[in-house]
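Engineer: Can you keep this structure in mind? I'll have questions shortly.
FYI, it's all coordinate maths here, none of it is from the lab. Since the structure is predicted, the reported quantities are computational estimates derived from the model, not experimental observations. Note that each Cβ is placed from the backbone with ideal geometry, even for glycine, and that neighbours are counted across all protein chains shown.
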Amino acid sequence: MKRLVRILPHATIVMVGMFMFFWVLDILNPTMNLINRKASNKLMIIMLVLALITSIMEIYHERRYDRLKTKDDT
């Protein structure tokens, strides 16, 4: 379970990158129609930015906790 908790934020960052890539491709080549237009695009971008921020914060807190734990062990 702990391993999943550590991997999940990294996987979220990868997924956010993929969706941003699909979004850019959809703008550059709309005939591919990877993502639908208008409101759904805006909502997806908001969701992706929030997920990215959350993942970065989680990784930061995880590494900070690990540094504090290592420092206390010495």
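Engineer: Hey, what number do you get for the chain at 222 nm if only DSSP H runs of n ≥ 4 count, each worth -39500 (n - 2.57), divided across all residues, to the nearest 500? Present the calculation step by step, with values, prior to reporting the outcome.
Structural biologist: Values: 2 runs with 62 residues, N = 74.
The helix-only estimate for the chain comes to -30500 deg cm²/dmol at 222 nm.
Engineer: Pairing the Cα long axis of helix 39-73 with the longest principal axis of the chain, what angle in degrees results, from 0 to 90 and rounded to the nearest 10?
Structural biologist: With both axes taken from Cα atoms, the answer is about 10 degrees.
Engineer: Turning to a different aspect of this structure: Tally Lys and Arg at +1 and Asp and Glu at -1 over the other residues with C-beta under 14 Å from the C-beta of Lys71: what net charge comes out?
Structural biologist: Details: positive: Arg63, Arg64, Arg67, Lys69; negative: Asp66, Asp72, Asp73.
That sum, taken over residues with Cβ under 14 Å, equals +1.
Engineer: Might you report the magnitude of the Cβ-based charge dipole of the range 12-74 about its Cα centre, with Lys and Arg at +1 and Asp and Glu at -1, to the nearest 20 debye? Don't jump to the answer; show the numbers that get you there.
Structural biologist: Values: 8 positive and 6 negative charges, 45 e Å.
Rounded to the nearest 20 debye, it is 220 debye.
Engineer: Oh, and also: Under the definition of Cα pairs under 8 Å and six or more residues apart, what whole-number percent is the relative contact order of the range 2-73? Please report the intermediate quantities before stating the final value.
Structural biologist: On the way: 31 pairs, mean separation 29.1, N = 72.
Averaging sequence separation for qualifying contacts and normalising by length gives 40 percent for the range 2-73.
Engineer: Another one. Rounded, prolate or oblate for the range 2-73? Axes are the square roots of the Cα gyration tensor eigenvalues, ordered a ≥ b ≥ c, and the cut-off for rounded is a/c under 1.5.
Structural biologist: Prolate.
Engineer: Now for a separate question. Can you tell me which of 11-18, 64-71 comes out highest on packing, and rank the rest after it, using the mean Cβ neighbours within 10 Å? The partial results should precede the final answer.
Structural biologist: Numbers: 11-18: 14.1, 64-71: 9.6.
Final packing ranking: 11-18, 64-71.
Engineer: Output the 0 to 90 degree angle, nearest 10, between the alpha-carbon long axis of helix 2-28 and the longest principal axis computed from the alpha carbons of the chain.
Structural biologist: Approximately 20 degrees, to the nearest 10.
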